[in-house]
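Just so you know, all these numbers are worked out from the coordinates, no wet-lab data involved. Being a predicted model, the structure only gives us computed values, none of them experimental. Every residue, glycine among them, receives a Cβ derived from its backbone with ideal geometry; neighbour counts consider all protein chains shown.
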């Protein structure tokens, strides 16, 4: 009986001493977490965040000791609650910020694009092969022209399509192609390659039929102002699909599942980066294409967009530093 009372008494004394020794640190952590709950994660500076991290590790250790020594349920609950609150703050995902969006589009996306430039080049080559086949298709089967275009845009190679309708059709078509090219990566890149090729065929067919009727200058003044941005976006979407397809076919020295997961992360970044490009192309198509300004002015604008794209994709995010490889 005496022994049991003595053990119980010693445990109580030890717990009281333990609490008195640790109380200030626990309270400091609790106060910091209360500040975060009241003012948000940005309420703590870097030094304070480091202190919170250190105090969190100490609380976890104290909780382990309390459980091992069979401390009172009240103390265990208190430490468990404090550790849980600190864990939620330290390991929670940061809320998306507008600065992060700008950082992605002006730094992250161009860097990822440059790291996968070869895939974008392959996409452009597949498209170019399809474009080169377009005139051959028109020559062999001229009736196919009317079947490839929607009603109202042009019923045959002798009909001059309305410029606004033709441009709008190509914009809508290219956005669809970009989405399918990106998603087509799950077919090991086969669907991506097919859709890029046939989109090139479509533009080749349109050019083969419209250039003789409207002339080179008028036709390309209709296509290029928004087409340079738009086709670049399509090629990047194709690159995203090919990146995933490459991981499926040749995962390298890692497990195929891991290779696909890494490739999918890169592909999503590439696709996300094209969204502003498609929006910009649609705006240009809506306002500049139907305008009555001279064709040479439209072609000059197209040249400006080409230079701007080259500078953006080639230089944005470099900051004069060595870029991190995105492999």
Q | Mean separation of Cα contacts under 8 Å, 6 or more apart, over the residue count of segment 237-295: relative contact order % | A | 35 percent
Q. Which distance in nm do the two modelled labels at residue 27 and residue 211 give, with both placed 7 Å along the Cα-to-Cβ direction?
A. 8.3 nm
Q. In what order do 56, 91 fall by count of nearby beta-carbon atoms within 10 Å, going from fewest to most?
A. 91, 56
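Over segment 18-91, what is the relative contact order in whole percent, taking alpha-carbon pairs under 8 Å and six or more residues apart?
Values: 38 pairs, mean separation 27.2, N = 74.
Contact order relative to length: 37 percent.
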Q) By average Cβ neighbour count within 10 Å, what is the ranking of 123-130, 196-203, 21-28 from highest down? A) 196-203, 123-130, 21-28
Q) Once label points are set 7 Å from the Cα along Cα→Cβ at both residue 268 and residue 73, what is their separation, rounded to one decimal in nm? A) 4.3 nm
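Let me know the shape class of segment 211-327, please: from the alpha-carbon gyration tensor, a ≥ b ≥ c as square roots of the eigenvalues, rounded when a/c is under 1.5, otherwise prolate if a/b is greater than b/c, or oblate. Provide the component values of the computation, followed by the final result.
Values: a/c = 3.21, a/b = 2.13, b/c = 1.51.
Prolate is the answer for segment 211-327, as a/c is 1.5 or above and a/b outweighs b/c.
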**Q.** 228, 283 arranged by Cβ crowding within 10 Å, fewest neighbours leading
**A.** 283, 228
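Mind giving me the FRET efficiency for residue 300 and residue 54? R0 is 56 Å, r the Cβ-Cβ distance, nearest 0.05 is fine.
Details: r = 61 Å, r/R0 = 1.09.
Calculated transfer efficiency: 0.35.
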